Amino acid sequence: MPLLLICYVVSYLDRVNVGFAKLQMLSALGFSDLVYGFGAGIFFVGYFLFEVPSNIIMHRVGARLWIARIMFTWGIVSASAAFVTTPTQFYVLRFLLGIAEAGFFPGIVLYLTHWYPTQQRGRAMALFMTAVPLTGVVGGPLSGWILESMGGVQGLAGWQWLFLAEALPALVAGAAVLYGLDRCIGDADWLKPEEQEFLQRNVDAEEILKPSLSLRQLFRRPDLWLLSVIYFSFVIGLYGISFWLPTIIRATGVTHPLDIGLLTAIPYGVAAAVMIPVSRRSDRQLERRWHVAIPAILGGVGLLFSVLFAHSTLLAMMAMTLATAGIVTTLPLFWSLPTARLGGLAAAAGLAVINSIGNLGGFVSPYLIGLIANTTHDTRLGMVFLAGSMFLGALLTLTLGPFDEPARVLAEAHNRAASPQSGP
């Protein structure tokens, strides 16, 4: 889990560091907010197109080889962004970065279903996805420092060093995955044989209850598409925060890149502290819908307050902290819903479909906010749009009805497998 967490930190950092590069890159290259928004978002078009085939390949060749391949290629592409000079080059590299990274997140979600039963999956997903707020805590100050301190070194601007320096960890982490990630429980030589058998029995107990679906049957399931729309709504909020938080903070009057970086760490630090206990509570109660919907609603409220208090750095930061904590807490609990229903090839394809469609919100969000900012010279209307998207996702989550009931059945199977009569 620590290795996977580090990989996701690196992944998320390479995906969103363009939000900090924007602080210098736009003026240096003469790009508009609209060019930036389109370039930031087109990443998700490449991601969308290659997500499902990437996850199916990983299902066949295993996580170790495929995740390592993903990390090597995205590190190379991310570093190349340091040398863009035209909007077209910016668009092409962001698109290629999406292709390179496609399959990473749903691949890890699928991989975790091979290790954790439903009853523990909320906590497992939350631990893995603390990478999102941790990236903000670590990446914000780091990015601000690089922008402020590295400008002019070896004739490169600060934003160029940002892309180069933050791409290197992807190559290192890729090598660590290649040599250190176990394919499955049975390959984990750090477990005793009786521990391997016990853990595998817990996972197998719930796999028996999941329906065996062909791809055609999977794509006919209405809940697959509803979940995709819900995740789309939440991703709009997530990447609105990720790509525009530094700009929002600067709009309150903070000018130095390092100060902006340090301030961005606050919302993400609070989010990291909140998401773990909420996910544990969800696991204990075996309830998902309200644990997803309430943080989503709070995230939307925080976004609205950020508009009302945009004149004050303190009040705007408090609002953005509420928004970030709510949005980030929503995401790991959301993934407990589809993973309780899908297994085998259906899980590989279904999780990829949900993630790929959902991540189109990563294109829509920065592009529309960039369009709004370019037209009105104000980002506040964009925050209202993000808030509405979070409210919509929360409402649709509550319409899922008894969707989380299978989680209770699977948890009962887990408890039976873990009873003293059936295992150590």
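When segment 256-294 is examined, which residues are found to be assigned to a loop (DSSP other than H, G, I, E, B) and modelled with pLDDT of 85 or more?
Narrowing segment 256-294 to residues assigned to a loop (DSSP other than H, G, I, E, B): 256, 286-288.
Once the filter is applied, which keeps residues that are assigned to a loop (DSSP other than H, G, I, E, B) and modelled with pLDDT of 85 or more, segment 256-294 yields nothing.
The residue list Y47, Y12, Y8, Y36 contains one member that is under 20 Å from G237 (Cβ atoms), over 20 Å from the mean Cα position of the chain (by Cα) and either buried (at least 17 other Cβ atoms within 10 Å of the Cβ) or not hydroxyl-bearing (S, T, Y) (or both), which is Y36. Out of the residues in segment 69-80 that are within 20 Å of F105 (Cβ to Cβ) and aliphatic (A, V, I, L, M), state the one that is surrounded by the most Cβ atoms within 10 Å (Cβ to Cβ). So, considering only residues that are within 20 Å of F105 (Cβ to Cβ) and aliphatic (A, V, I, L, M), the one surrounded by the most Cβ atoms within 10 Å (Cβ to Cβ) is M71. With respect to A373, is the statement that it is at pLDDT below 80 and buried (at least 17 other Cβ atoms within 10 Å of the Cβ) true? It is true that A373 is at pLDDT below 80 and buried (at least 17 other Cβ atoms within 10 Å of the Cβ). All told, G253 falls short of being under 27 Å from A21 (Cβ atoms), modelled with pLDDT under 80 and in a helix (DSSP H, G or I). Contact annotation: residue pairs with Cβ atoms under 6 Å, 6 or more positions apart or on different chains, pairing a residue in segment 178-196 that is without any contact (Cβ under 8 Å) to a residue 60 or more places away in the chain with a partner that is surrounded by 14 or more Cβ atoms within 10 Å (Cβ to Cβ) and among the β-branched types (V, I, T), are Q196/I185.
For segment 163-191, taking the residues that are of a type in the set (D, E, K, R) and crowded, with 16+ Cβ neighbours inside 10 Å, the one that is modelled with the lowest pLDDT is identified as E166. Would you check if there is a residue in segment 223-233 being in contact (Cβ under 8 Å) with a residue 40 or more places away in the chain, part of a helix (DSSP H, G or I) and more than 25 Å from L392 (Cα to Cα)? No, segment 223-233 has no match at all.
When each of L93, L5, L49 is tested for being in contact with a Leu (Cβ under 8 Å, 6 or more places away or on another chain) and either at pLDDT below 85 or part of a helix (DSSP H, G or I) (or both), the lone residue that passes is L5. Criterion applied to Q154, Q160 was being of a type outside the set (A, V, I, L, M), over 27 Å from D204 (Cα atoms) and surrounded by fewer than 19 Cβ atoms within 10 Å (Cβ to Cβ), and the one residue passing it is Q154.
The values are calculated or read from the model by the stated rules, or taken from the named source; none is laboratory data. What you see is a predicted model; the values in this text were computed from it and never measured. Note that each Cβ is placed from the backbone with ideal geometry, even for glycine, and that neighbours are counted across all protein chains shown.
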